[in-house]
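See structure below.
The values are calculated or read from the model by the stated rules, or taken from the named source; none is laboratory data. What you see is a predicted model; the values in this text were computed from it and never measured. Ideal geometry is used to build each Cβ from the backbone, glycine not excepted, and the neighbour counts take in all protein chains shown.
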Amino acid sequence: MKNDCWGEKTDLAFKNIADLKRTKGVFMHCHSQKFDLYERMWSVQNEDQLRNKLYYEKYPWGRGRVRKLLELLSGYNCHTVHPHPTLRIIKELDQAVVDTVRWHLNDKIVLDACCGLGRFSVASLELGAKTVYSFDGTFEGPYWTYQRIKDKNIPNEPDVFAGQEWDYGQADIRKLENLDSRLVPVQGDIENICDIFKENSFDVIIHSMALMHTRDWKKTLHDLSLLLGHEGILAFDFFPEGTTPSLTRDLRDIFKKIDLDLTYRFLQVIGNIKGHEDMRVCYLHEMLTNDDKFSEFKKIINELRTLTEMHPIGLINDRLRLEDLKTPFLRNLSPEDVCNFIRDDLDLIPVLGGVFEHKCVVVAVSRQHPSQQNF
Ligand SMILES: C[S@@+](CC[C@H](N)C(=O)[O-])C[C@H]1O[C@@H](n2cnc3c(N)ncnc32)[C@H](O)[C@@H]1O
């Protein structure tokens, strides 16, 4: 098949390319307003990254994207708060683990399902993937992932975690070639992902920080398992039971009655929009004591005042995060249920996992995987 920037390509994983519209390079499948929240988040954060090359210093993730992907794929440093008998835990990210993960990615076809701004798409290419499909419900996510990879406009992240320096070899997007054709940006709803891609198309599927936001976690994992090739690896994470504080749930109850625009303005005024902190007009405590100035937020202010009777205002302020308030679903799942489901219903083998930084990480392989012992 021929097209403008992918050239002669025979390995596109699409089921029927005629169902997709190409817009600014992105393969689009039924875009919906349901992704407005993330469209905004990614547009602001992308702007901010472009404006400020020191983004990674401003929002330190602690570890760079490559290391984060290695951690996800290797279950690094997980501890068994919710042990599951079939899961093996790797305690340390040593060179052997790094080499194994690289071996699993090298020359492979990767699906970054719900890629956001694509940090794991970038890291997969840096670790040697042949082609990465950056899939998300938003247009902004895959679009900017593709633009920035194509333009090599992504700074290398020094990895100095815990004072230890890591050298991942070629893991620097600026050193890589043919990036135009190796990154395929796709917009679509994960609920319809099997209408978009052919079964058995991917060697590795990454599904990070997204399962808890999907309407039906079992359907999501089921569909991803169908897209996984016979020797495939599915790596995903989710919030285990008890992760989301009750205060966040109370705040979600308040903000589910408030539309996205007003929620956004409110958070911007109190300086709680990531990337737009400089647009703060006042602090939350000032707003709660001075509501005459903020009549459009009167309803929110009244409800938050009630919450201050039970929680310190600083804590309420910390929990007022756009995504937590407005994401349609914020599930906490039982690791046991998830592992049983992927093993018994999907016939995948959960090989690794555990709880790490409030997330449960699971790595599963499809049966007949010859190298699962390597993990
Ligand atoms: C918390 S972000 C995670 C982004 C990225 N995986 C990461 O770890 O940086 C969740 C992502 O899931 C996407 N998402 C949520 N529901 C979706 C759906 N039904 N279909 C496709 N993408 C969805 C959002 O657009 C958002 O980009």
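Among the residues of the range 308-341, those identified as part of a helix (DSSP H, G or I), away from the ligand (no atom under 16 Å from the Cβ) and closer than 20 Å to ASP259 by Cα are ILE316, ASN317, ARG319.
Report yes if LEU111 is within 12 Å of the ligand (Cβ to nearest atom), part of a loop (DSSP other than H, G, I, E, B) and either over 16 Å from ARG174 (Cα atoms) or of a type in the set (Ser, Thr, Tyr) (or both), otherwise no. If you could, list the steps in order and put the result at the bottom.
On the way: within 12 Å of the ligand (Cβ to nearest atom): yes; part of a loop (DSSP other than H, G, I, E, B): no; either over 16 Å from ARG174 (Cα atoms) or of a type in the set (Ser, Thr, Tyr) (or both): yes.
Taking the combined requirement at face value, the residue does not satisfy it.
Name the residue, out of VAL351, VAL361, that is more than 13 Å from LEU221 (Cα to Cα), in contact with a Phe, Trp or Tyr (Cβ under 6 Å, 6 or more places away or on another chain), in the same structural domain as LEU224 (by TED's automatic domain parsing) and at pLDDT below 85. Answer to the check: VAL351.
Within the range 266-282, the presence of at least one residue that is among the β-branched types (Val, Ile, Thr), touching a helix residue (DSSP H, G or I) at 6+ places or on another chain (Cβ under 8 Å) and within 30 Å of VAL355 (Cβ to Cβ) is confirmed. Quick one: in the range 205-261, which of the residues that are of a type in the set (Phe, Trp, Tyr) and part of a strand (DSSP E or B) is farthest from VAL110 (Cα to Cα)? Across the range 205-261, the extreme among qualifying residues is PHE238. Only a single item in (1) buried (at least 21 other Cβ atoms within 10 Å of the Cβ); (2) modelled with pLDDT of 95 or more; (3) assigned to a loop (DSSP other than H, G, I, E, B) is not met by ILE273, and it is number (2).
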